[in-house]
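Every number in this text was worked out from the coordinates using simple rules, so none of it is lab data. This structure is a prediction, so every number in the text was calculated from the model and none was measured. Note that we place each Cβ from the backbone using ideal geometry, even for glycine, and neighbour counts take in every protein chain shown.
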Amino acid sequence: MNIDQIIGKLMGDGSVGEEKSALEDWKKEAEENMKALADMRKIESLSNTLNGYEDFNVDNAWDTFSKNLDEGLVKIGVEKEQKASIFSIKNLSKIAAIFVVVIGSVFLINLVLNPAIDSDVTKSYSASLEAMDFDLTDGTHITLDKNSDMKVLNLRDVSLIGRAHFDVKRDESKQFKINLPVGKIIVLGTEFTVDADKNTTEVYITEGSVRYELANRTWTLVAGDLVKVVDNEVTVLKGRNDNYDSWKDQRLIFRDNNMVEVVDALSRHFKKEIIIENEKEFSKCNVMDVFTNSSLNDILNGLSKTHGLKYELKDNKVFIVSSKC
């Protein structure tokens, strides 16, 4: 016989000893549940410092519920059913309250014992108006240039579109991989700069060595090497370039560089297409100067005063026409 039938008989004064015994057992069980509730409150008290968890007051909740229930039953006017119904619903409600506290406590305990781990996995970085610096969890430091995007695919595995400087934390047990629109870079630990889009790729090695892979071909690059990839054609240039990473500190240094080298540095620094119409004419026109936090217009105007440089702007490109060198 289920509990509803037993309660129904009690309400009709038709209960027997066996049925009353069942109710006594239920009462005892309810008392045990209340003891369990007290234990749960102890766990609840330990969680007060956790953010995002709202306290659950069982007594207040029950008092409000019981008051509303009493008023409803008085309106119905069934005094005999009132006592039995309150007995049934009260115990069921307290059991439900215990259940809520248990579930909440399990959640809190799990939160304490298993806090979220700060991970780079699936994290994306985007620099729009200015460059940004950040560290990955493996200790690798990255400077991401403006208008560039990087996504962490997995531990020591990223993808890049744009320009970034990498100072990779060495780890003999796991290589660091950079996936590019064209090819990829594999390293253990070194310092280098990558500039990549769907059309061209450049990798300049500051320290150590890296491996550049494209299709089934591989190139090992060392400090001072610059690899250029255009239309899947790979060119490796030797020799250090003092201005390759000038975009990081906004400082261009020219030590008797010819105008062709100066224009190449300016083009890379500002990511602007600058064209010399006659390179031979400028090969003996040297520049010795330092520019810090200067705009492209400021530098070109300065060279116009010191070297008689003449240039034109057309179709978002800069054309170097002539000079008085």
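Remind me, what semi-axes does region 197-325 give for its equivalent ellipsoid, largest first in whole Å, using sqrt of 5 times each Cα gyration tensor eigenvalue?
Working through the eigenvalues yields semi-axes of 29, 17, 14 Å.
My understanding is that a pair violates if its Cα-Cα distance is over 31 Å; which of K238/K314; K169/K238; K123/K174; K271/K305; K151/K272; K146/K177 do that in this structure? Where the Cα-Cα span goes over 31 Å, the pairs concerned are K238/K314.
All other residues with a Cβ under 9 Å from the Cβ of I320 taken together, and with Lys, Arg as +1 and Asp, Glu as -1, what is their net charge?
Working: positive: K310; negative: E277, E312.
Computed value for this residue: -1.
Here's the picture: charge each Lys and Arg Cβ at +1 and each Asp and Glu Cβ at -1 in region 124-237, and of G162, A215, T235 the one pushed furthest to the positive end of that dipole is A215. Packing, as the average of other Cβ atoms within 10 Å across residues, places the peptides 194-205, 155-166 in the order 155-166, 194-205, highest first. The listed peptides 245-251, 186-192, 169-175, 147-153, ordered by packing as a protection proxy, come out as 186-192, 147-153, 245-251, 169-175 (highest mean of other Cβ atoms within 10 Å first).
Let me know the shape class of region 124-237, please: from the alpha-carbon gyration tensor, a ≥ b ≥ c as square roots of the eigenvalues, rounded when a/c is under 1.5, otherwise prolate if a/b is greater than b/c, or oblate. Can you show the working numbers first?
Working: a/c = 1.55, a/b = 1.14, b/c = 1.36.
It comes out oblate by the Cα gyration axes.
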